[in-house]
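As structure tokens, the structure follows; a few thoughts come after it.
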Amino acid sequence: MAAAAVVPPEVLRECGCKGIRTCLVCERQRGGDPPRQYPSQKTHRFIYYPDTGWAVGAEESDFEGWAFPFPGVTLIEDFVTPEEEAEMVQLMDRDPWKLSQSGRRKQDYGPKVNFRKQKLKMAGFRGLPSFSREVVRRMGLYPILEDFRPVEQCNLDYCPERGSAIDPHLDDAWLWGERLVSLNLLSPTVLSMSREAPGSLLLCLAPSGFPEALADGAMAPSRSIPCQEVEVAVPLPRRSLVVLRGGARHQWKHAIHRRDVGARRVGVTFRELSAEFGPGGKQQELGQELLQMALSFHGRPTT
């Protein structure tokens, strides 16, 4: 891909917020109330280290030096080149962005879905965009993604001037499958993971030489902490690819807080089909039709 300049779009004056969700645009329009800062509701922050797969208590916190294994996250740095990043965003900006919740804008390449009624329509879906063909091919070079066949792509545009964020959530599991794959473009950010389930996490005291020593194991658990008080910060470098699966996909909610959007950021999320739509599933024919359309790479954003 050839290098191309990326020009940030003009900040929108409208917003797409509904219900309790807000952004800086609608907060300023209302006046009076201070801007929402999206503070973490969790008491204790841990940092995820991809080289070890452990989450470690933040420095100068009550749990500094304590850690627990955090499986299900794979981070691949420099997944695309700066030139590929620039061209991808330039091509995205040629198509309209739709207003979305909490100061985001979006482009969808996928079927129309009613998750509550578990129904979907193919109308308007013509596949993933052509510029994603090479990205998908490259994913297959990694063992964790060698059989990953995305059927949906969602581009989300974050901007600090709009106070962009996304609240903690779990992606649907009726239609979407085991792995969630996201490409982080234009600026670094932090994926914040939290869990609402009761129970406790067992912590280990990190051995000397941390974090490298954690790769070889740690001391026996000697401290515990309620799950509901923990937030795990997963740093996402610019141009990195992150894969969530297992517990990180189904048990831990993920979010992007407003405080972690310091410059324009474009997140590109790819989703695969669930077993219900795969071979042997009760909707395998529909699943095959969706896959054939998706991987034709003839798509434009659906409206």
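The values are calculated or read from the model by the stated rules, or taken from the named source; none is laboratory data. Keep in mind the model is a prediction, meaning the values are calculated, not measured. Quick reminder, even Gly has a Cβ in these numbers, built from the backbone with ideal geometry, and neighbours come from all protein chains shown. Just so you know, the surface numbers come from the protein's heavy atoms only, side chains and all, with ligands and any DNA or RNA stripped out. Shrake-Rupley method; radii C 1.70, N 1.55, O 1.52, S 1.80 Å.
So in segment 72-83, with the set limited to residues that are in contact with a helix residue (DSSP H, G or I) (Cβ under 8 Å, 6 or more places away or on another chain) and not small (G, A, S), which one is farthest from W54 (Cα to Cα)?
V80
So E212 fits all but one of (1) in the same structural domain as W66 (by the TED database); (2) modelled with pLDDT under 95; what number is the exception?
So E212 meets the others, but not (1).
Within the set of pairs 6+ apart or on separate chains, which have a first residue in segment 276-289 that is under 13 Å from L175 (Cβ atoms), a second that is in a helix (DSSP H, G or I) and open to solvent by 80 Å² or more (accessible area, probe 1.4 Å), and C-beta atoms under 7 Å apart?
Between residues of segment 276-289 that are under 13 Å from L175 (Cβ atoms) and residues that are in a helix (DSSP H, G or I) and open to solvent by 80 Å² or more (accessible area, probe 1.4 Å), the close pairs are F277/Q284; G278/Q284; G281/A275.
Take the residues of segment 13-61 that are surrounded by 15 or more Cβ atoms within 10 Å (Cβ to Cβ) and at pLDDT below 80: which is farthest from the chain's Cα centre (by Cα)?
Here the residue is R36.
Could you go through segment 138-155 and let me know if any residue there is within 16 Å of the chain's Cα centre (by Cα) and under 25 Å from R259 (Cβ atoms).
yes
Check T74 against each of (1) out of contact with any Asp or Glu (no Cβ under 8 Å at 6 or more places or on another chain); (2) of a type in the set (S, T, Y); (3) open to solvent by less than 40 Å² (accessible area, probe 1.4 Å); (4) part of a loop (DSSP other than H, G, I, E, B) and name the one condition it does not meet.
Going through the list (1) out of contact with any Asp or Glu (no Cβ under 8 Å at 6 or more places or on another chain); (2) of a type in the set (S, T, Y); (3) open to solvent by less than 40 Å² (accessible area, probe 1.4 Å); (4) part of a loop (DSSP other than H, G, I, E, B), T74 breaks only (4).
Output the strands (runs of 3 or more DSSP E) that fall wholly within segment 233-290 and possess 1 or more residues being more than 21 Å from G110 (Cα to Cα) and open to solvent by 10 Å² or more (accessible area, probe 1.4 Å), or say none.
Those strands (runs of 3 or more DSSP E) span 253-256, 265-273.
Can you pull out every residue in segment 91-136 that is on the phi < 0 side of the Ramachandran plot, part of a helix (DSSP H, G or I), of a type in the set (S, T, N, Q) and crowded, with 17+ Cβ neighbours inside 10 Å?
If the condition is that a residue be on the phi < 0 side of the Ramachandran plot, part of a helix (DSSP H, G or I), of a type in the set (S, T, N, Q) and crowded, with 17+ Cβ neighbours inside 10 Å, then Q101, S132 are the ones that fit.
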